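Taking it in order: structure first as structure tokens, then the write-up.
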Amino acid sequence: MKILSCIFVIIGIIIGAGFASGKEIYTFFFVYGKNGIIGIIISSFLIGYTIYKSLKIIREYEINNYDELLKKVIIKKYKNISIEKVLITIINIFLLITFFVMCAGFTAYFKQEFGINEIYTSILIACLNYFVLSKNTKGIIGLNTILIPVIIILLSIFMVKDISSGVETIEQLITSNAWLPKAVLYASYNSITLISMLIPMKKYIRDKKDIIKVAISTTIIIILLASIIFIMINNINTDISKIELPAVFASRNFWISI
């Protein structure tokens, strides 16, 4: 059960508002057609490897915070320079920006679906985050243990429906070969947010086998969820570029059609 909780937290961090809404999948992968599917696989494996390597270091050296982690991985020639402080500042700024992006995705959903003013939903998400984070990792684990299985089940239902109704031909919207750098970029910026939450996860890891289980399970789930959203977006019969939340749009049409 502890391993599952760890996996759910990691998945919850990765499938933030951008992933769940379909906007990230559209921007980083879908526009590149079939190459985008390859990009999803490569990106997922990079994230899985990052999880494995990070948890291994965290457990081996009993890392308790980001500062300690950076001191272990920074090249020795920088040992006399406080480069870790610069990196921590950059990472904290990035995490803050990521939080604002998450809030923007949340407010965009209620604006698109219900026409609710962004100010009210911003206040609501800020209060919810304060409540969850005030309980440290217990709040995050509890929330993700409930939400992630529900999301996985719902997306699986959408996948069955989309496949049974036929998958439209996958078209390449952008003809450039930037799909590989985009896949690496997606894995990289998600890893910055992810590693900060892997540190407290060490208490749920008993040995190297657990680390391997977490890394492999997370990789497989990310590939499946991203592929499902890819298929959902592909079956939208309208100009996707004008839709702010394509996966939400597709899921709404699904419930209407039932």
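The values are calculated or read from the model by the stated rules, or taken from the named source; none is laboratory data. Source: prediction; values computed, not measured. These accessible areas exclude ligands, DNA and RNA; they are computed on the full protein's heavy atoms, side chains included. Shrake-Rupley method; radii C 1.70, N 1.55, O 1.52, S 1.80 Å.
Given the pairs 85/182; 23/71; 111/203; 2/71, which are separated by over 30 angstrom at their Cα positions? Provide the component values of the computation, followed by the final result.
Details: 85/182 28 Å; 23/71 35 Å; 111/203 39 Å; 2/71 28 Å.
With Cα atoms farther than 30 Å apart: 23/71; 111/203.
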Taking every pair of alpha-carbon atoms in the range 165-248, what share in percent sits in each 10 Å bin, from 0 to the bin with the longest distance?
13, 33, 31, 16, 6
I'd like to check one number: the per residue accessible area of the range 167-248, probe 1.4 Å, reported in Å² as a whole number.
49 Å²
Return P(r) of the range 26-73 (all Cα-Cα pairs; 5 Å bins starting at 0; whole %; ordered from short to long distances).
5, 20, 19, 13, 11, 10, 12, 9, 2
Which Rg and Dmax, in Å, describe the Cα atoms of the range 200-247?
17.0, 49
